[in-house]
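Colleague: Right, I'll just put the structure down here and ask away after.
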Amino acid sequence: MIQGAVFDVDGTLLDSMDLWDRLGSDYLCSIGCRPEEDLDETFKTLSLYQAACYYRSHYGVKLSVEEIMEGVNRMVEDAYFHKVVLKPGVAELLRQLQEKGVRMCVATATDLYLVEAALERCGVRHFFSEILTCTDVGHGKDEPVIYREALHCLDTEKENTIILEDSFYAANTAKKDGFHVVGIYDVHERKSRELESLSDFYLRDFRELKDFWKFASAL
């Protein structure tokens, strides 16, 4: 049976990926820069810090990294504080995991105050012992650092710990580092087929958990 579960936030716990679909481009437009066509796909694979550095190096934005990060966060604050909701079935899965003694934490590219606000408002913050962010650990999900930090926080064995991700690139990082990956379907992930092929288990709907529990029990 699994001992630990590390949850991504956007597209996994929260139905919020639409916020990020054009955020990279929208931010640049807001400061008078013209984005390239593929910027939003690039933006999805970067932590906020990495994105801020990219804006400075690639687009010549003169604002500081901190100012850029604050500007991007301000564009999504209202949604996290007041609007975004859990994906259907998430709360029940978290309750069942807690009842089975599974330790849980969060590993996300979104900044802490936004995640805290959304999870508190949605009534699920108490399920997680820690919320780790790419900004705080200093590495994006193109590296396994945040997953290793999560494992340390949970104090569980890697072979009994699952990483739940809706993003192919992030799941691929965890998989290459030897974690069990549970892929989460999200309509905004363009590489959903690749994610399904990569995953040890692929979950299309949190409300349909029979096969998930068979997988979890076998670990």
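The values are calculated or read from the model by the stated rules, or taken from the named source; none is laboratory data. Since we're looking at a predicted model, the values are computed, not measured. For neighbour counting, all protein chains shown are included, and Cβ atoms are generated from backbone atoms with ideal geometry for every residue, glycine included. These area figures cover heavy atoms from the full protein model, side chains too; ligands, DNA and RNA do not enter into them. Shrake-Rupley method; radii C 1.70, N 1.55, O 1.52, S 1.80 Å.
Colleague: Compute the relative contact order of the chain as a whole-number percentage, counting only Cα pairs closer than 8 Å that sit 6 or more residues apart in sequence.
Modeller: Working: 363 pairs, mean separation 58.6, N = 219.
For the chain, the relative contact order is 27 percent.
Colleague: What list of ³J(HN,Hα) couplings, whole Hz, do you get for segment 23-31 from phi and the Karplus terms 6.51, -1.76, 1.60, once you set θ to phi - 60° and write x for glycine and proline?
Modeller: 5, x, 5, 4, 5, 4, 4, 5, 10
Colleague: Okay, moving on. Going by Cα centres, segment 133-177 and segment 92-117 are how many Å apart?
Modeller: 14 Å
Colleague: Same structure again: log₁₀ I(q)/I(0) of segment 58-176 at q = 0.10 Å⁻¹, via Debye over equal Cα point scatterers, no solvent, to two decimals?
Modeller: -0.35
Colleague: Pop the C-beta distance of Glu67 and Tyr113 into the FRET formula with R0 = 22 Å and round what comes out to the nearest 0.05.
Modeller: Taking R0 as 22 Å, the efficiency between Glu67 and Tyr113 is 0.85.
Colleague: Out of all DSSP beta bridges in segment 64-219, what portion is antiparallel? Express it as a percent rounded to 5.
Modeller: 0 percent
Colleague: Simple spin-label model, 7 Å along Cα-to-Cβ: Thr45 to Cys33 in nm?
Modeller: About 1.8 nm separates the two model spin labels.
Colleague: Can you list residues from other chains, or at least 5 along the same chain, whose modelled amide H is less than 5 Å from the amide H of Leu132?
Modeller: Close amide H contacts, sequence-distant or interchain: Val106, Ala107, Thr108.
Colleague: Under a crude label model (7 Å from the Cα following the beta-carbon direction), how far is Leu219 from Arg204 in nanometres?
Modeller: 2.2 nm
Colleague: Grab the eigenvalues of the alpha-carbon gyration tensor for segment 1-141, scale each by 5, take roots, and send me the semi-axes largest first in whole angstrom. Walk me through the numbers before you get to the answer.
Modeller: Details: eigenvalues 187, 44, 31 Å².
Whole-Å semi-axes of the equivalent ellipsoid: 31, 15, 12.
Colleague: With each label point set 7 Å from Cα along the Cα-Cβ vector, what nm distance links Lys158 and Asp26?
Modeller: In this crude spin-label approximation the distance works out to 3.8 nm.
Colleague: Could you report the accessible area of Arg95 in Å², rounded to 10, computed with a 1.4 Å probe on the protein chains as they sit in the structure?
Modeller: 90 Å²
Colleague: Starting from the Kirkwood Rh over alpha-carbon pairs, what translational D in µm² s⁻¹ does segment 41-84 have by Stokes-Einstein at 20 °C and 1.002 mPa s? If you can, show how the numbers build up before the last one.
Modeller: Values: Rh = 11.1 Å.
After rounding, the answer is 193 µm²/s.
Colleague: Still on this model: Would you mind working out the accessible area per residue for the chain, using a 1.4 Å probe, and quoting it in Å²? It would help to have the intermediate numbers written out before the result.
Modeller: Values: 10330 Å² over 219 residues.
Per residue, the chain has an accessible area of 47 Å².
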